[in-house]
Amino acid sequence: MPLEQINDYSGQESIEGWDSFTMYVLLDEIETEFKVQFSLDEILDIKTVKDFKQCLKKHGVQIND
Amino acid sequence: MLDEKKLSYYIGKSKTLQPFDAEKKIRIVILGSFTLNGLEEVLRVKCSEIQIQCNTYLAAYNQYNQEILNSQSELYKFSPDITFLIIDTRSILGELFFSPYLISIEERKKLIENKLQDILNLVKIFCSKSQSKLVICNFTVPTYSPYGIIENKTQYSLQEMVYDLNEKLRHNLISEPSVFIFDFNGFVAKYGERNVFDYRQYFYGDVKISFDYLPYFANELMGYVKSVMSINKKCIVLDLDNTLWGGIVGEDGFNGIKLGNDPLGKSFVEFQRHLVALHQRGIILAINSKNNWDDAMKVISDHPNMVLREKHFACMKINWDDKISNFKDISQELNIGLDSMVFFDDDPVNREIVRMNLPEILTVDLPQDPSYYVQTLLELNDFHVLKITEEDKKRGEMYLQQQKRIELGKNAKNLDEFLKKLDIKVTIKKADEFTIPRISQLTLKTNQFNLTTHRYQEEDIRNFSKDPKKIVGCTRVEDKFGDNGITGVYIINKDNDVEWTIDSFLLSCRIIGRGVEYGILDHIIQKAKKEGVKKIKGKYIPTKKNKPAENFLPDFGFTKENDFWVYSTDKPVKRQDHLMIKIE
C-alpha cells in the first residue's frame, strides 16, 4: 500500500487486511521501534493510525502531526 | 547461534513469495487449540528459503476435533503431507489448570486417562483417513501450583498429571510409524516460559505462543519438514585450526594448541564429543583444512585429549589446495552430493568463499567465541531423520571399509580381478516388516543410481508389499571388507501374465560399479521367465542427478520400444560370475 494513501483515519475500515492479528503485528513493530510498551487497555482502543499516534504521545514520544 | 527474525519479517516476506516451479513440494496442515496466526507464513517463507514450494492450511481456531472426525473436512480435502496438531495444557485441563485439587487423586487419574484416550482416538481416526505424517505437540508442564513448594509432596500433583499424560502419549505412539511427538514442553523449557507465553497476547487474542517465539517454534517444526522431504544433511565437513582445537598447530605446535585442560580447550573437546555422537548415529565426518599433513595427523593420532580420531573421518583433505577443489574431491570420493554437506570453519573469509562458489553446501556461521560452537551445532535442525536404521548406525564403519576397497582397487591389475577379489555376496529378499523402513528410506533419498526416482513413504511400501500385483524386493550386499546392509531396492508391477514393468530400481551409490545391478536385474528376469512372463519393460526418467542410471537398461541389453526399454525373457543374459547371489 503506497505511503501517501495512509492518513490519520486509516484503520480497520479503510485498510484491507487490518484485522486484530495484523494490528498486533504492527503494534509489536511500533513498540520495538519507539521502545515503549502499551497496556492491554490502550491496545484495545486502537482503531486507526491516529489512535496509535495518541498512544505514543501519551508514552512521551514526540510525533509530528 | 540461532537468532530468529521477527514475525513481521516473515509476514511481509510471505506476501512477496511467488509460486515457483520447485522440484520439492510440501503440503502442511496446522490444527490448533489456540490462535496460531502467523505460523503458516513463517513455514512458507522458511520452506522457500530451502527451495521447497509449500502450501499450507491453518484450520479455524480450536476446530481440530471437527477437522479430524469429519471425513469431508478441509483437512482431508487438502491432502497434507504433514499435519501439526498443537493442543495446549490449559485447554486440556480447563478449570483444573487453576484448581487441580478440587477433585480426588482417583478422579485426577481418571481425567488424564480420558484425555489420553481422546487424543489417541483422534490419532487413530486421523491415520485411518489420511496418509499424512502427524506431529503432535506434547503438553507444557505448569511451573506454578497453588500448593507452591509442597507441590512435589503431593500425590498425583498438577505437574505429575501433565508429566503422566506426556509419558503415556509417548508410550502409546512409540511404534506408530507415521506419528511423531514434538517435545513442546522441552521447547518451552529451552526458550523459557516467560518468553514463549505472554499474558498480554494471551488475553488479547488467545495467543499461547508469543509472536517473538513463533519463528523459533516454526524452526523446530522445520526439522520434521526437512526429514519428510529427505533433505537432511548427511556429512559434516570440518576445518581443523580453531575449529576442532584452539590455535594453529603449524605455529603453536603440538603442545601449544588448546585442547582439553583449560577453559577454552574444554569447549573444543565438548564440540568434538557432540560430533562423535552424530557420527555414531550415521552422520559422516570429513576434514577440509589448509595444513601440513604431518602436523595435523600428529594431533589427530597422538594428542591425549583429541576425541575425534582417524577412524571417525571418512575422508581427510589436509593440504594446501583450495577448499573448493577439496570439497569436490570429498564429494566424489564419498559419493555424496554437495547439498548433503554442512561446513564448519572458524574463518569468515573461507566461509564466504565456500558460500559463493558452492551455495548448495550449508556453511554454518560459527560464532567468534568457540565456547558457543556446541550450541551452534546443537541448534541445527538439518540432521533429523524420521527413522534411524541399522544402516545409519553402521555408516561410519562402512565408509572405512570403502577406503580399503579403494586401496584394493588401486593394487588390482584390472576391474575383473578387483571384483573377483572382493568376494561379493548379494542377498535378494522380499520386503518384510524389518526391511520396509529401510526400503522407503532408500526410495526417498537415493538420487544417483535410480531409474525412476519414485519416492515412497513407509505406508506406500507396506501396501505394495501386500499387493499381489506387485513385487517389492531389496538386496543386501556384503564383501570381504564388511556388510553394506540393504543397499538396493526394486519394485515390479505385474501388469498381466506376460508383461511386467519395472516401477523402481535403485542402488545406493556406495555399491555402484560392482556388477551388482546386473545380478539383481538378471534375477528379476529369471523369476519372470519362470512365471511365464515374456517381456520386461522399464523406463529411465531423467532428473538432475540420476545420470549414473541412464544407460543401465540399454547396457544390459534392453531395446527401445516406443517410450519403454524392453527385454524379452528368452534372450540370454550375461552372467555376473564374480557375484554369489542368494535368494531368501
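The values are calculated or read from the model by the stated rules, or taken from the named source; none is laboratory data. Here the structure is a predicted model, which is why all the values come from computation and not from measurement. All Cβ positions, glycine included, derive from the backbone under ideal geometry; neighbour counts span all protein chains shown. Quick note on the areas: whole protein, heavy atoms, side chains included, nothing else; ligands and nucleic acids left out. Shrake-Rupley method; radii C 1.70, N 1.55, O 1.52, S 1.80 Å.
Enumerate the amide H contacts of B:ILE236 below 5 Å, restricted to partners 5 or more residues apart or on another chain; note that Pro and chain-start residues carry no placed amide H.
Close amide H contacts, sequence-distant or interchain: B:ILE284, B:LEU285, B:ALA286, B:VAL342.
Taking the alpha carbon gyration tensor of region B:422-583, what are the square roots of 5 times its eigenvalues, largest first, to the nearest whole Å?
Here the semi-axes work out to 21, 19, 17 Å.
Can you give the FRET efficiency for B:ASN463 and B:LYS530, using 1/(1 + (r/R0)^6), R0 = 35 Å, r = Cβ-Cβ distance, to the nearest 0.05?
The pair B:ASN463/B:LYS530 has a calculated efficiency of 0.85.
In what order, largest first, do B:LYS226, B:LYS527, B:LYS421, B:LYS469 sit by accessible area if the probe radius is 1.4 Å?
Final ranking, largest accessible area leading: B:LYS469, B:LYS421, B:LYS527, B:LYS226.
Starting from the Cα of B:ASP302, step 7 Å toward the Cβ, then list every residue of region B:235-262 with an amide N under 12 Å from that point.
Correct set: B:254-255.
Given a 1.4 Å probe and the protein chains all in place, what does the accessible area of B:MET398 round to, in Å² to the nearest 10?
0
Compute the convex hull volume of the Cα atoms of the protein assembly as shown, divide it by the residue count, and report the result per residue in Å³ as a whole number.
About 222 Å³ per residue, rounded to a whole number.
Once every DSSP H run of n ≥ 4 in chain B is given -39500 (n - 2.57) and the sum is divided by its residues, what mean residue ellipticity at 222 nm do you get, rounded to the nearest 500 deg cm²/dmol?
Result for chain B: -12500 deg cm²/dmol, rounded to the nearest 500.
With every protein chain in place, what's the accessible area of B:ASP329 (1.4 Å probe, Å², nearest 10)?
Approximately 60 Å² for this residue.
With a 1.4 Å probe and every protein chain kept in, tell me what percent of the accessible surface of region A:3-58 is carbon plus sulfur.
Looking at region A:3-58 in its full context, I get 51 percent from C and S.
Full-extension gain between B:ASN172 and B:ASN261, please, as 0.36 nm times their residue separation minus the C-alpha to C-alpha distance.
My answer for the length gained is 27.5 nm.
Using protein heavy atoms only (no ligands, DNA or RNA), what is the total accessible area buried between A and B, 1.4 Å probe, nearest 100 Å²?
1300
Kindly report the accessible area of the protein assembly as shown per residue (heavy atoms of protein chains, probe 1.4 Å, no ligands, DNA or RNA), in Å².
Ligands and nucleic acids excluded, the result is 48 Å² per residue.
Please report, to two decimal places, log10 I(q)/I(0) for region B:7-228 at q = 0.10, 0.17 Å⁻¹ as given by the Debye formula with identical point scatterers on the Cα atoms and no solvent.
-0.47, -1.29
Quick one: grab the alpha carbon gyration tensor of region B:1-126, order the square roots of its eigenvalues as a ≥ b ≥ c, and give me rounded if a/c is under 1.5, else prolate or oblate depending on whether a/b is larger than b/c.
prolate
Would you mind giving the three semi-axes, in whole Å and largest first, of the ellipsoid equivalent to region B:463-506 according to its Cα gyration tensor?
27, 10, 7
How many nm is it between the label spots at B:GLN403 and B:GLU106, if each spot is 7 Å from the Cα in line with the beta carbon?
6.6
Label B:LEU2 and A:LEU40 with points 7 Å out from Cα along Cα→Cβ: what is the distance between them in nm?
Result for the modelled spin labels: 2.9 nm.
Leaving ligands, DNA and RNA out of it, report the carbon-plus-sulfur percent of the accessible area of chain B at a 1.4 Å probe.
On chain B, the fraction of accessible area on carbon and sulfur atoms equals 49 percent.
With only Lys, Arg, Asp and Glu charged, each at its Cβ (+1 for the first two, -1 for the last two), find how big the charge dipole of the protein assembly as shown is about the Cα centre; round to the nearest 20 debye.
Approximately 2860 debye in magnitude.
Farthest toward the dipole's positive end in the protein assembly as shown, which of B:PHE327, B:TYR163, B:TYR64, given Cβ charges of +1 (Lys, Arg) and -1 (Asp, Glu) about the Cα centre?
The residue sitting farthest along the positive end of the dipole is B:PHE327.
How would region A:3-58 be classified by its alpha-carbon gyration tensor: rounded, prolate or oblate, with rounded meaning a/c under 1.5 and the a/b versus b/c comparison settling the rest?
It is prolate, given that a/c is not under 1.5 and a/b is the larger ratio.
Per the protein assembly as shown: cysteines with no other Cys C-beta under 4.7 angstrom?
Unpaired cysteines in the protein assembly as shown: A:CYS55, B:CYS127, B:CYS137, B:CYS235, B:CYS315, B:CYS474, B:CYS509.
What figure in square angstrom, to the nearest 10, would you give for the accessible area of B:LYS133 with a 1.4 Å probe?
We get 10 Å² for B:LYS133.
Order B:LYS109, B:LYS190, most accessible first, counting only protein heavy atoms with a 1.4 angstrom probe.
B:LYS190, B:LYS109
Determine the residues within region B:8-35 where the difference in accessible area between the chain on its own and the full set of protein chains amounts to at least 40 Å²; count protein heavy atoms only and use a 1.4 Å probe.
With the partner chains in place, region B:8-35 has these residues losing at least 40 Å²: B:SER8.
Could you sort B:TRP245, B:TRP565, B:TRP293 by their accessible area in this structure, using a 1.4 Å probe and putting the largest first?
Sorted descending by solvent-accessible area, the residues read B:TRP293, B:TRP565, B:TRP245.
Under the definition of partner shielding as Cβ atoms of other protein chains within 10 Å of a residue Cβ, what is the mean value for peptide B:135-143?
Across the residues of B:135-143, the mean count of other-chain Cβ atoms within 10 Å is 0.
Along the Cα-to-C-beta direction of B:GLU23, a point sits 7 Å from the Cα; which residues of region B:350-377 have their amide N less than 20 Å from that point?
It comes to B:355-363, nothing else.
On average, how many beta carbons from a partner chain sit within 10 Å of the beta carbon of a residue in A:22-32?
Mean inter-chain Cβ contacts per residue within 10 Å come to 4.
Go ahead and run the numbers for FRET between B:ILE125 and B:ARG200, Cβ-Cβ distance against an R0 of 45 Å, rounding to 0.05.
0.80
Select from region B:190-206 all residues whose loss of accessible area on going from the chain by itself to the full protein assembly reaches 30 Å² or more (probe 1.4 Å).
So the qualifying set is B:ARG200, B:TYR204.
If you wrap a convex hull around the alpha carbons of region B:60-121, what volume per residue comes out, as a whole number of Å³?
So the per-residue hull volume is 91 Å³.
Take the Cα radius of gyration of region B:258-298 and divide it by 2.2 N^0.38 Å, with N its residue count; two decimals is plenty.
That ratio works out to 1.36.
What is the Cα radius of gyration of region B:185-297 over 2.2 N^0.38 Å, N being its residue count?
1.56
Could you run the Debye sum over the Cα atoms of chain B, one equal point scatterer each and no solvent, and tell me log10 of I(q)/I(0) at q = 0.11 Å⁻¹, two decimals?
Here the Debye-derived log intensity ratios amount to -1.17.
Holding the Cα-Cα limit at 24 Å, pick out from B:LYS494/B:LYS571; B:LYS168/B:LYS234; B:LYS494/B:LYS539 the pairs that are longer than that.
B:LYS168/B:LYS234
Roughly how far apart, in whole Å, are the Cα centres of region B:263-296 and region B:500-569?
42
Please give, to one decimal in nm, the separation of the simple spin-label points placed at B:THR427 and B:TRP320, each 7 Å out from Cα toward the Cβ.
5.0
Mind running the shape call on region B:235-378? Use the C-alpha gyration tensor, a ≥ b ≥ c as the square roots of the eigenvalues: rounded below 1.5 for a/c, prolate if a/b tops b/c, oblate otherwise.
Rounded shape, in that the Cα axes give a/c under 1.5.
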